[in-house]
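> Got a structure for you, written out below as structure tokens; questions coming shortly.
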Amino acid sequence: MENQLIGALEAGGTKMVCATGYANGTIVEQTELPTTTPDETMGAVTSWFSKRDIKALGIGAFGPTAVNPSSPQYGKILETPKTAWRYFDILGTMQRALDVRCGYDTDVNVACLGECTFGCAQGLDNVVYLTIGTGVGAGVMVGGQLIHGMLHPEAGHILVTRDPTDPLKEGSGCPYHDSCLEGLIAGPAVKKRWGGKRASELADDGEAMGLMAGYLAQALMTYVLCYAPQRIVIGGGVADHTPIVALARAKAAELLNGYIATPEIEHIEKYIVNNSLAGRQGIMGCLALGAGALKA
């Protein structure tokens, strides 16, 4: 199996990242295709993979999506704001076009799998991976298994207490919730609050970073208490280009206030960390997912 070529598809709402590689995480080839209409996009994706002699495919898709194999909607995108993609069958489309074994999960779950298999969470089996960018998504592994319940974790939408000093007095960047984590710290909220600026442009603004870190810290405390992870890994454009992770880590320790006394919390700088695979954790997680499909 180690020498069998595996396909990896990171199916995002903005772009599709297609790659080939091996079960050890080696990436052989990689390209990006824009996410437009389902027919146009998936036609280009299947065409790219059909020219490579892959033996299996790992797919990490934007959500919400059905990840439980027993669901009649398994492999389909669900109620997404990208209306053209609602109930589009990504998994079935790829299986019919390529006739190979496929593994299917969310984009953030495969990023979590990538960090657990090849990155800074190797050897751990209870991990939270958080991505902060255009939205906030969470992948969660418990007992060595990525969580699949009635759906999949949507921990980016947990409610947080609004800071009274927040310049964004009404509404948020989320069309569903006024005070969820995504609605207050993801890209759209940053632009809405600070006149169209990106988070990276505010990296040296202490007040802006402190506000966002405060919201993130509330969420981190919740993840610590509810999931009891052995490590929390944070990626995405907002996290990668600002000091928000380090600031939120310190604030989270303050919020916990000594209630959780474990070696992990004692060494919190090694417990809540930035991602470790230079943006490749999603694709590498897809390779791991594809490798798992080969064994099935």
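> Give the residue list of chymotrypsin sites (Phe, Trp or Tyr not before Pro) in the stretch 193-296 that are DSSP loop and have at most 15 other beta-carbon atoms within 10 angstrom.
Listed in order of number, the matching sites are 259.
> Hey, can you rank 244-251, 89-96 by average C-beta count inside 10 Å, highest first?
Put in order of decreasing packing, that is 244-251, 89-96.
> Right, here's the next one. Tell me what the chain gives for mean residue ellipticity at 222 nm when only DSSP H runs of n ≥ 4 count, each as -39,500 (n - 2.57), the sum divided by the residue total, rounded to 500 deg cm²/dmol.
-10500 deg cm²/dmol
> Where a ≥ b ≥ c are the square roots of the eigenvalues of the C-alpha gyration tensor, would you call the stretch 161-296 rounded, which needs a/c under 1.5, or, failing that, prolate if a/b is larger than b/c, or oblate?
Verdict is oblate for the stretch 161-296.
> Under the √(5λ) rule applied to the eigenvalues of the Cα gyration tensor, what semi-axes describe the equivalent ellipsoid of the stretch 12-122? Give them in Å, descending.
Working through the eigenvalues yields semi-axes of 21, 18, 14 Å.
> Give me the base-10 log of I(q)/I(0) for the stretch 101-203 at each q in 0.10, 0.20 Å⁻¹, Debye formula, one uniform scatterer per Cα, rounded to two decimals.
Debye output, listed in q order: -0.35, -0.98.
> Now for a separate question. Please go through the stretch 72-140 and write out the chymotrypsin sites (Phe, Trp or Tyr not before Pro) that DSSP classes as loop and that have at most 14 other C-beta atoms within 10 Å.
Hits after loop and neighbour filter: 87.
Taken together, the values in this text are just the output of simple stated rules run on the coordinates, not laboratory data. What you are looking at is a predicted structure, and each value in this text was computed from that prediction instead of being measured. Counting neighbours? That spans all protein chains shown, and the Cβs are built from the backbone with ideal geometry, glycine included.
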